[in-house]
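These notes are about the structure you will find just below.
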């Protein structure tokens with residue numbers, strides 16, 4: 001057994017990124033406090049002064065590149081920068097027009113390298129594992145990075161996932177070039193030359209060096225892993241969760257079988273309806289009006305539920321006792337406190353007939369401390385990612401499930417005794 005086996009759960013957020021470290025042998029978990037950001041929230045920003053990339057800070061006197069995460073998703077799917085919903089500073093937009101996806105990957109990898117360098121600095125200077133051995137090739141201590149990536153869970157061609165994983169590997173290869181206190185600029189051309197010098201073989205799927213290091217996991221599923229590890233999580237239950245970030249709202253409907261450590265994903269949805277519509281300090285997006293935002297949120301919740309009932313109908317006739325009336329409804333993320341989202345979530349559930357849904361904030365696990373000024377919900381995804389990937393609950397996606405009608409087709413004559421309680 002290794003002396004220290006630490007998994008860094010990395011939540012790359014639209015506005016802020018969070019990292020939770022978990023030592024797998026003891027289960028001890030801590031929030032990373034980056035230099036200058038002791039609330040655990042590292043701005044998801046890169047500065048650019050026309051020549052140099054600068055680390056994330058709101059105090060830098062240069063152009064800021066916001067919403068890079070969302071821009072990267074659009075770019076991965078071939079959307080031209082000029083057609084994306086995000087406005088960029090003119091110098092960086094012109095460079096992206098010239099260099100395309102390669103430049104976006106360089107920008108993301110620069111940011112990820114800041115995160116990795118900051119995590120290692122925190123471990124050495126302010127964590128419970130200050131004796132961690134970072135000597136290359138040591139066999140005593142291990143540090144693994146697991147990152148949640150923005151994907152809707154449903155089948156696609158994996159372009160976005162590939163982009164983010166390659167950027168994370170590049171960052172891991174180059175983090176030694178980064179000032180661990182996150183204060184030093186690097187010329188963009190120098191950084192691009194360094195990323196180009198990394199052997200392409202290292203970025204390929206299946207190569208040994210990064211088989212377990214720098215792994216990725218669907219963002220919408222990462223938060224639910226946290227739910228399963230709460231001390232109060234029920235053994236067998238259905239959940240509907242809304243996670244509100246700055247850029248997106250993630251919606252999940254799933255059934256969890258604790259005994260089999262299996263998750264049946266009835267439906268998942270990622271919508272660009274994040275809290276930046278209510279407060280965009282960078283004036284970088286075309287915001288929705290309040291009424292339009294509420295209407296879109298309610299519609300998204302209703303559409304999500306209609307997908308879910310293909311796999312789990314709402315059995316029963318007595319309001320309050322039907323299958324989905326007894327589900328658990330959680331709200332989490334940086335926007336969980338905003339009345340617009342709480343009300344829209346509740347209204348959407350009522351629109352599809354759920355009786356008196358009660359929203360709960362995602363409770364914090366026992367013995368896990370967050371910075372006093374930051375609630376646990378901000379760290380939910382990072383916390384879920386801090387459990388070693390092979391130990392996460394197995395997830396079956398919607399396209400891998402049979403619908404209820406397929407499992408129990410109608411028959412002529414007396415009903416077949418399926419051996420289940422139809423109220424469930």
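Just so you know, all these numbers are worked out from the coordinates, no wet-lab data involved. Every value quoted in this text rests on a predicted model; they were computed, and no experiment measured them. Note: ideal-geometry Cβ built from the backbone for every residue, glycine included; neighbour counts use all protein chains shown.
The distance linking region 278-341 with region 353-389 is 17 Å (Cα centroid to Cα centroid, whole angstrom). Rounded, prolate or oblate: which fits region 261-308 when a ≥ b ≥ c are the square roots of the eigenvalues of the alpha-carbon gyration tensor, with rounded for a/c under 1.5 and prolate only if a/b beats b/c? Since a/c reaches 1.5 but b/c is at least a/b, the shape of region 261-308 is classed as oblate.
Counting every alpha-carbon pair across region 4-218, the share separated by more than 22 Å comes to 49%.
Summary value for region 4-218: 25 percent relative contact order, contacts being C-alpha pairs under 8 angstrom separated by 6+ residues.
Taking Cα pairs under 8 Å and at least six residues apart, what relative contact order does region 162-299 come out at, in percent?
Numbers: 127 pairs, mean separation 20.0, N = 138.
Computed value for region 162-299: 14 percent relative contact order.
Bridges between two residues of the chain, per DSSP, are antiparallel at a rate of about 60%. Net length available on complete extension from residue 314 to residue 181 is 42.6 nm, with 0.36 nm assigned per residue and the Cα-Cα distance removed.
Kindly rank 39-48, 363-372, 348-357 from highest to lowest mean number of other beta carbons found within 10 Å of each residue. Could you put the intermediate results ahead of the total?
On the way: 39-48: 21.2, 363-372: 13.7, 348-357: 17.5.
Descending packing order for the listed peptides: 39-48, 348-357, 363-372.
Where does helix 290-308 land angle-wise versus the long Cα axis of the chain, in degrees 0 to 90, nearest 10? Here the helix axis deviates by roughly 60 degrees.
Restricting to bridges with both residues inside region 4-218, how much of the DSSP beta-bridge set is antiparallel, in percent to the nearest 5? That works out to approximately 60 percent antiparallel. Between 126, 275, 267, the Gaussian network model of the chain with springs among Cα atoms under 10 angstrom shows the greatest mean-square fluctuation at 126.
Diagonalise the Cα gyration tensor of region 47-89 and give the resulting equivalent ellipsoid semi-axes, square root of 5 times each eigenvalue, largest first, whole Å. Intermediate results must be reported in sequence, preceding the final value.
Working: eigenvalues 100, 19, 16 Å².
They are 22, 10, 9 Å, listed from largest to smallest.
Contact order, relative form, for the chain: 20 percent (alpha carbon pairs under 8 Å, 6 or more residues apart, mean separation divided by residue count). By the gyration tensor of its Cα atoms, with a ≥ b ≥ c the square roots of the eigenvalues, what is the shape of region 282-424: rounded for a/c under 1.5, prolate for a/b over b/c, or oblate? Prolate.
Would you calculate a helix-derived [θ] at 222 nm for the chain, using -39,500 (n - 2.57) for each DSSP H run of n ≥ 4 and dividing by the full residue count, to the nearest 500? Intermediate results must be reported in sequence, preceding the final value.
Numbers: 10 runs with 123 residues, N = 424.
Computed mean residue ellipticity for the chain: -9000 deg cm²/dmol.
Take each peptide in 281-292, 159-170, count the other Cβ atoms within 10 Å of every residue, and average; sorted highest first, the result is 159-170, 281-292. Within region 102-219, all pairs of alpha-carbon atoms sorted by distance into 10 Å bins from zero give the percentages 12, 41, 35, 11, 0.
Can you put 280, 250, 236 in order, fewest other beta carbons within 10 Å first?
On the way: 280 18, 250 28, 236 11.
The fewest-first ordering by Cβ neighbours comes to 236, 280, 250.
If R0 is 35 Å, the Cβ-Cβ spacing of residue 211 and residue 350 corresponds to a FRET efficiency of close to 0.15.
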